[in-house]
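Working notes, beginning with the structure itself.
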Amino acid sequence: MTESVVESMDIHKILTYLPHRYPFLLIDRVLELEAGSRILALKNVSMNEPFFPGHFPRFPVMPGVLIIEAMAQASAVLGFKTMQSLPDANSVYLFVGIDNARFKRPVSPGDQLLLDIKFTKQKRGMWMFSAVARVDGQVASEADLMCTLRQVT
């Protein structure tokens, strides 16, 4: 029986797994990661985010599409750790589908968004994940994500 290893990552380690950079890097820390199983990542939501001046000026709310993107970025880290590889200049990890997306509460400046992603299966190069984003223990968003690794030239 193999023993599972739970690890964490700081921002420097995360940057080795994701090509995203400011203003589109949406993960600040990995609190728990068990390759082949799950990841728990953290996004600190700050009033300094570039989208808040326009979404919405009198009631700043993190766009739902960016919450989904944060879940996808955490999924990518989990996928690469599961494959025991790093991305390279000739590949990109892409969305293939988003199902059952729901938004339950707004995410505002000062919130800590916890991204809890579970690997569900891999089939024909498609990776499937069940994702839940929480703030203060309350579900903010949830979705089933499908991603794939593609070669680019």
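Looking only at region 134-153, how many residues end up being touching a Lys or Arg at 6+ places or on another chain (Cβ under 8 Å), in contact (Cβ under 8 Å) with a residue 40 or more places away in the chain and aliphatic (A, V, I, L, M)?
Total satisfying the criteria: 2.
Could you say whether any residue in region 24-42 is farther than 21 Å from Asp144 by Cβ, surrounded by fewer than 12 Cβ atoms within 10 Å (Cβ to Cβ) and among the charged types (D, E, K, R)?
For region 24-42, residues farther than 21 Å from Asp144 by Cβ, surrounded by fewer than 12 Cβ atoms within 10 Å (Cβ to Cβ) and among the charged types (D, E, K, R): absent.
Does any residue of region 38-59 turn out to be in contact with a helix residue (DSSP H, G or I) (Cβ under 6 Å, 6 or more places away or on another chain) and over 18 Å from Leu114 (Cα atoms)?
Checked region 38-59: no residue is in contact with a helix residue (DSSP H, G or I) (Cβ under 6 Å, 6 or more places away or on another chain) and over 18 Å from Leu114 (Cα atoms).
Which numbered condition trips up Pro19, out of (1) within 15 Å of the chain's Cα centre (by Cα); (2) at pLDDT below 95; (3) more than 28 Å from Gly125 (Cα to Cα)?
(3)
Among the numbered conditions (1) of a type in the set (A, V, I, L, M, F, W, C); (2) touching a residue at least 60 places away in the same chain (Cβ under 8 Å); (3) in contact with an Asp or Glu (Cβ under 8 Å, 6 or more places away or on another chain); (4) outside any strand (DSSP E or B), tell me where Leu42 comes up short.
(4)
Could you tell me how many of the residues in region 112-132 are out of contact with any Lys or Arg (no Cβ under 7 Å at 6 or more places or on another chain) and aliphatic (A, V, I, L, M)?
The number of residues fulfilling the criteria is 3.
Only one of these conditions is not met by Met128: (1) in contact with a strand residue (DSSP E or B) (Cβ under 9 Å, 6 or more places away or on another chain); (2) of a type in the set (A, V, I, L, M); (3) touching a residue at least 24 places away in the same chain (Cβ under 8 Å). Which number is it?
Against the list (1) in contact with a strand residue (DSSP E or B) (Cβ under 9 Å, 6 or more places away or on another chain); (2) of a type in the set (A, V, I, L, M); (3) touching a residue at least 24 places away in the same chain (Cβ under 8 Å), Met128 comes up short only on (3).
For the list (1) exposed (fewer than 14 other Cβ atoms within 10 Å of the Cβ); (2) more than 19 Å from Met146 (Cα to Cα), I need the number of the one condition that Leu15 fails.
All conditions are met except number (1).
The values are calculated or read from the model by the stated rules, or taken from the named source; none is laboratory data. Bear in mind that the values here come from a model prediction, so they are computed numbers and not experimental data. Glycine gets a Cβ as well: all are built from the backbone with ideal geometry, and neighbour counts include every protein chain shown.
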